[in-house]
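J.: I'd like to ask some things about the structure below.
None of the figures in this text is laboratory data; all of them are computed from the coordinates on show. Predicted model only: the values in this text are computed from it and were never measured. All Cβ positions, glycine included, derive from the backbone under ideal geometry; neighbour counts span all protein chains shown.
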Amino acid sequence: MKKRVMSIMMLASVVGAIGTNITTFSTFGSLSPLSYDTVHAADDYTQNLLTVYKIPSAVIQAIIDNSVATNGKTPKANGKTVTNFTVADFRDLTTVSLANRVKDVDGTYTSMTNDAVATAIGSVQMVNAGALADSNSQTPTGLVSQNFISDSRQTDMVNLLKNGGYATDQWDQQGNRQTVYTTANIWLNQLVALIATNPKLTTLDLTGAFSKVPFDSGFSKAGLLIGMMVNKSATLQSLALGFNPIIANEVQSNAWTYYNYALNLPALTNLDLQSNQLTVLDTQILQNVQNNLTTLNLAGNAISKITTNAEGVFNQATVDLSNADFTNLDPSTHKILASALNSGKGGLELSDTATNQLITASINDGWNDVNVNASGLNKVADQLDSSTVDKIATTKPTLVDDKVMATLVTSNASALTGDSVTQIVKANPNVVDAETLTKLATNNPAAITSDTLEHLASTNATAISPDVISKVGATNPDAITSGLINNLAEAGQLDADTLATIAATKPSVVANLTPEQKETITKVVGADDLSKVQDILDNPNVSAPVVPSNPAPTTQGKVSVDKTSLSFGTPNVTDIQATSVIKADTGLRVTGTVTKGQSLRLLASKWTALDGTSSFAPTLQLIGEDAVNNKGVNQAVAAGDSTELLRATDDNVDFDVTLDSVGMTNITGVQAGKTYAGSLTWQLNNLPGTTTN
């Protein structure tokens, strides 16, 4: 096969810390209580500006820039500023975001920590303010406790906004009862009240909002804040709590009860807990939402254990566990994950490492409860490495059915070896048909051995075509044997085309047939093929393949790229998620000609750190336009894979592709402080069956 290639190198440096360039501001320095003789009347408090509540300007600005109103626009797009944004405007928001929120091309959103918001919240001195009800303290610190903001306490929330305090009954020394508005007007309490009393709220984005709140083992600060903000909302559908490591500290300090309360949300369908440093998923915190969730994002957490029964979540929701580590898999975790893979209802996203750990454990340990079945295996077949496939083939080859095999040969053929394929087809010859075997012969012909071909010729001969024999023989001529010929003949599947291909691929096999073998062959071939077969048997060294072929290109094609390198800049590792998209600083122009009988393929490599210590496998997304053929280009290619861009079957094809955007996603496994390099290769190949000079 003649090839011509053109490659470019792509570089990206990754940084790790987010502590630099923190924005500080003075607007939250003044925390004096509101004066009770200047409170707004009940019917007009919604006209208050948010600045009245001493909420820092940077926090208000973040809300204005990133939230969404009922008309589908951000407050900023609606003309709102820090100086004119009112409680009424806030109550019109369907999405409240305290994070930097960017809309992706597919309509979803990517959220990142807003440093100004995180700094402001982290700077508040938080104490459980239950004692304020007794002391009527005017100290402008304290966090209104869950005791005051629960089930029927919407009135208390409104009082915070009306009066700068919450109402409580107290008794003087003479035993006289009186209602007192206890101060609770630190701006964070007011912000909590604004969120909790929003009647239209469907999405709350708190990504990174508590990332700078100091952990207190005796006081679940983040859990309490979240619980008060959502306040058992009947409208909240999406809650983003990612990049708040304090959550892991609180949950793992037996404070999960706060989160059980906080996540008591009947309408919640999407929960984001990514990158919170969770190592154990205690599903008790999910017990009030697990019947409704459709998406649970746990990416960026090195989860190694899932406690209690979580089938309710994992069997129905798409759960992202892409950074999990299942080196030591316990029965409870295995049951949950195996059931999730097998159910076919939700979706389980695991890293390649975790996937292979799970499948290996499921095969080796023979769990008594639930093991991964063929349906579950098919979902992750494209992530299996050759070691895992070998173990499956050795210990449980029947687990590989025709669907699993089709996925392997199409998307992960390199994981198959000659031994594994042989063991699988011997256990179940029908796992391959002509289409599947042809794809394997195209993608990994070395995985088809003489044992495989001979066995299939006896048990499933229709799967073996001249094209398969030609491709396998070109890579591994020893796979073409007299046993293959004999078995095909006995199965009635040896015709002139097949024998001619065998003779052209390895003439010595035909030449060394015994007279008895030749006689057997002539007896079983059809009358129409008899004279051709006899000629091949008599003259195998001059036989030419009879299989249809594309004519050889009369001239070699060409491809050129206008750049030899691209840079993807220096992204911050703390901002990188599996769904993040980073883009090269410039585009590309690729021009050339695909000659008749050739195809143009694009190959992407894995990205490796320049020091060789780590690598990752992103998906490259190329968007642009082919000016010659007047069509758009939107191609995705995963690292380690290739995709066909153009095919010239009937005539030469010129191309002039300008790629305005070269993006990268599926970015996991990168390490801070590293510079990574990868490559894109444009390769001209002869089409299957094309003869070469």
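J.: If each residue of separation counts as 0.36 nm, what is the full-extension length gain between Val628 and Asn476 once their alpha-carbon separation is subtracted?
T.: 50.7 nm
J.: Another question, if that's okay. Cut-off is 10 Å between beta-carbons; in what order do Glu519, Glu349 appear when sorted fewest neighbours first?
T.: Fewest-to-most ranking of Glu519, Glu349: Glu519, Glu349.
J.: Set the Förster radius R0 to 25 Å, insert the Cβ-Cβ distance between Asp528 and Ala434 as r into 1/(1 + (r/R0)^6), and round the FRET efficiency to 0.05.
T.: Once rounded, the FRET efficiency stands at 0.70.
J.: So for the pair Ser567, Ala672, with labels modelled 7 Å out along Cα→Cβ, what separation do we get in nm?
T.: 2.2
J.: Also: How far apart, in nm, are two points set 7 Å out from the Cα along the Cα-to-Cβ line at Gln284 and at Ser458?
T.: Computed distance between label sites Gln284 and Ser458 equals 5.9 nm.
J.: Please find the FRET efficiency linking Ser679 to Glu516, where r is the Cβ-Cβ separation and R0 is fixed at 56 Å, and quote it to the nearest 0.05. Could you put the intermediate results ahead of the total?
T.: Working: r = 55 Å, r/R0 = 0.98.
After rounding to 0.05, the efficiency reads 0.55.
J.: While we're on this one: How long is the gain from Ser217 to Thr649 if the chain were fully straight, where each residue apart is worth 0.36 nm and the alpha carbon distance is subtracted?
T.: My answer for the length gained is 148.6 nm.
J.: Hey, another quick one. Over the Cα atoms of the range 54-124, how large are the radius of gyration and the largest Cα-Cα distance (Dmax), in Å?
T.: 12.2, 37
J.: Still on this structure, please answer the following. With a 10 Å Cβ neighbour count serving as the proxy for reagent exposure, in which order, fewest first, do Tyr676, Tyr259 appear? Let's see the in-between values first.
T.: Values: Tyr676 22, Tyr259 25.
Listing Tyr676, Tyr259 from fewest to most nearby Cβ atoms yields Tyr676, Tyr259.
J.: Also, I was wondering about something else. Based on other C-beta atoms within 10 Å, arrange Trp187, Trp682 from fewest to most.
T.: In increasing order of surrounding Cβ atoms, one gets Trp682, Trp187.
J.: Under the rule of at least 5 residues apart or a separate chain, name every residue whose amide H is placed under 5 Å from the amide H of Asn652.
T.: Hits under the 5 Å cutoff: Lys596.
J.: Stretched out fully, how many nm does the piece from Ser375 to Lys200 gain, at 0.36 nm a residue minus the Cα gap?
T.: Here the segment from Ser375 to Lys200 would lengthen by 58.9 nm.
J.: Tell me whether the range 194-272 comes out rounded, prolate or oblate; compute the Cα gyration tensor, take square roots of the eigenvalues as a ≥ b ≥ c, and use a/c under 1.5 as the rounded threshold.
T.: Prolate.
J.: Run the paramagnetic zone check for Ser253: 7 angstrom along Cα to Cβ, then residues of the range 281-299 with backbone nitrogen under 20 Å.
T.: Output list for this probe position: 281-286.
J.: Here is a further query. Describe numerically, in nm with one decimal, the distance between label points set 7 Å from Cα along Cα→Cβ at Ser614 and at Lys345.
T.: With each label placed 7 Å out from Cα toward Cβ, I get 3.7 nm.
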